[in-house]
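Just below is one structure, and these are the notes that go with it.
None of the figures in this text is laboratory data; all of them are computed from the coordinates on show. What you see is a predicted model, and the numbers here were worked out from it, not measured in a lab. Every residue, glycine as well, gets a Cβ built from its backbone with ideal geometry; the counts of neighbours run over all protein chains shown.
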Amino acid sequence: MTTPHAFVLRSALVLFLSGLLALAPEAVHGQSGMRSVKAVSTGGGTSVFDTGPAALYSNPANLTVGPNDHSLEMQLFRVGAYHGGDFYQFEHIDPLFYDNDKALPNDEQKAILDDWFGGDQQTASTYLEVVPLSITHRPSDRSWAVGFGIRGRTVQTSAVNKGLFDVLLRGTGEDRTVPVDGRSRAYATVDVTGAFSYRFSSVPLSVGVAPRVIFGTAFADAALNSQATVSGDSLVHRFDYTARAAGPLSTGLFDTFNAFNDDPVDEVVGGSSGIAGVGGGLDLGATYTVRPGLLVSASITDLGRITWTQDAQTVTPVKDVFRFEGVTLDSDRIDDEYDGATGEYIEDQVDSLAHAAYEDVNRDRSSFSTGLPTTLHVNSTWDQGLVTLNGGASIGLNEEAGAVPSPAALHVGGTLHLGPVPIRAGARFFGTQAVALSGGFGLDLGFYRFDLGASITPSTSTLGSGARYAVSLSLATIRF
């Protein structure tokens, strides 16, 4: 006898997909506007008068811009964190998962999923940055400046289309074929940066360059292309994927991950450690003074690549189809082996089909390389002493994890200088989030400076779709 068991069927498919996308765990999508505390506080842009260590990772040209009151500046412990993306549309998430006491009608679920995803993948990203030390030196009688910094970054981004939720929520109630696609990438790096800036005497122009050596400590990514066909009580999942890893995520996760265990990632922490990859990067910048108090600038950050070698591997599937067309009930076996528990018998039968389709993989142990999230930043600053205003945009030049996704986000903000306490505020428009509001403050005592900034999306549907939540702190900048 053949019977439909939609819950078990959906569980098997979702288990495989969730396992694949979990291969790049939420370790820690860098976004523009996370390159200094002041950038977070003003919606994503840094005033060109934010010099010294505040300029080291945003525009190296700004090391020679503005007044030269301090020849040596040392920043101790700056940390920034971001999470958000256009996946977070709570006007769609809440009615599907939280607000309803009973399941929504099938056509209503479909309409919400269509509004939420359309035909695209929606992205959720996480970024964490720690700069334990950065130093800049600008001699008072010279037209140049130099800088040095050590930075650790973890970047994660995942994207899915509506197919996974379509199968999960709507089950086998309607014949259809839906794409079930997703991608994910996570990596961690430590880089050592040097910077040089020069201000021309013949024209009001500063230029800068910041090369860096990058040490990758962990990497994993996965990309799934598939479609699920629901017909009556059957489901056919045709799939293809590529997953890569290096370092501890390769030996500690890819080699031991088992989506069919009760705890798929149990005891996967560990494995190799140290340097999983080595690469190089470059930031370039230029700032031009249009007239006193009005400046325009442009910079390109994260030009470069990383080659991953330690325990590097690429995984692809041996088979490409999972097919479920019901379960034949064997009454004698159910009584003898399962003590009459029909549900356990059915689950084991579906698990057996899933094992046969998904478990076997090909492994290529060759090294591979990945690009950095190259981004173009344009910015303008208008300074009137008490008030400084800035605005601009950041445009992603590739689709590497951490790059600014299309469309570009615009930012406007400013600083009100109230003696030793600068008050900052700003807003971020368009891009992959609704309007995000920012704010922050500092304490500037001349020889010592403290800065704190944050950004939040009040509504995920105001002038856009998506969320942005960020915070950044600079514990101390010491000046000499």
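Couple of notes before you dig in:
- Per residue of the chain, the DSSP helices (runs of n ≥ 4 H) give a summed -39500 (n - 2.57) that works out to -4500 deg cm²/dmol at 222 nm.
- Net charge over other residues, Cβ less than 11 angstrom from the Cβ of Gly208 (K, R count +1; D, E count -1): 0
- Largest-first principal axis extents of the Cα set of the chain (Å): 93, 46, 33
- Stokes-Einstein D in µm²/s, Kirkwood radius over Cα pairs - the stretch 292-409 at 25 °C with 0.890 mPa s viscosity: 120
- Per-q log10 I(q)/I(0), the stretch 315-358, q = 0.18, 0.27, 0.28 Å⁻¹ (Debye; single scatterer per alpha-carbon; no solvent): -0.58, -0.92, -0.96
- Looking at the stretch 39-109, the chymotrypsin sites (Phe, Trp or Tyr not before Pro) that sit in a DSSP loop and have at most 11 other Cβ atoms within 10 Å of their own Cβ are Tyr98.
- For Ile275 and Leu397, the difference between the fully extended length at 0.36 nm per residue and the C-alpha to C-alpha distance is 41.2 nm.
- Cut-off 11 Å (backbone N to label point 7 Å along Cα→Cβ of Asn106), residues of the stretch 164-186: 170-176
- Our note on the geometry: Cα centres of the stretch 60-104 and the stretch 230-245, 34 Å apart.
- Within-11-Å neighbourhood charge of Met34 [Cβ basis; K, R +1; D, E -1]: +3
- Charge tally around Leu416: other residues with Cβ under 14 Å, Lys/Arg +1 each, Asp/Glu -1 each, net 0.
- Estimated FRET transfer efficiency when R0 is 25 angstrom, pair Arg365-Gln227 (beta carbons, to 0.05): 0.25
- Magnitude of the charge dipole, the chain, Cβ model with Lys/Arg +1 and Asp/Glu -1, debye to 20: 3440
- Lysine pair number, Cα distance threshold 25 Å (strictly under), the chain, separation 8 or more or different chains: 4
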